[in-house]
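These notes are about the structure you will find just below.
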Amino acid sequence: MSQDNNPDNHQDNTVDANIEITPEMQAFYQRADAIIGVANSQLGPDAHSGQVGASLLYAAARYSASVASIGFVKGDDFAKEKDDIVEFYVKQYRQMLSDNLTDYAQNFDKYVQLNQDDKADK
């Protein structure tokens, strides 16, 4: 699980062929691809996928806390919303993780082959 093995980095989006990929969705996937690229660039002798993944999760949590704080004037008010904020982000992450696990399971053989091809090229 050291890399996102889809050649374009984002999921195939083949769950529903009737869904149009809007410019906003394309921009979303491009941002995600860029972040995945940074994560993959951290892999090496000093950092395996589990370590990079842990750093990525920490970074996502840290960034999300910063984003969630926007609009609050006082830390006390922000603290009062902590449980709702956590619930929101956990729900979003759970759905995204579930969708991506489904994608990987459905495309497992293809992704495993791409990973083997990438290793052979190096």
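FYI, it's all coordinate maths here, none of it is from the lab. In this text, all values refer to a predicted model and were calculated from it rather than measured experimentally. Counting neighbours? That spans all protein chains shown, and the Cβs are built from the backbone with ideal geometry, glycine included.
What the table below lists for this structure:
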{"item": "Charge dipole magnitude, Cβ of K and R +1, D and E -1 - region 31-122, Cα centre, debye nearest 20", "result": "140"}
{"item": "Region 53-122: radius of gyration over Cα atoms, expressed as a fraction of 2.2 N^0.38 Å", "result": "1.63"}
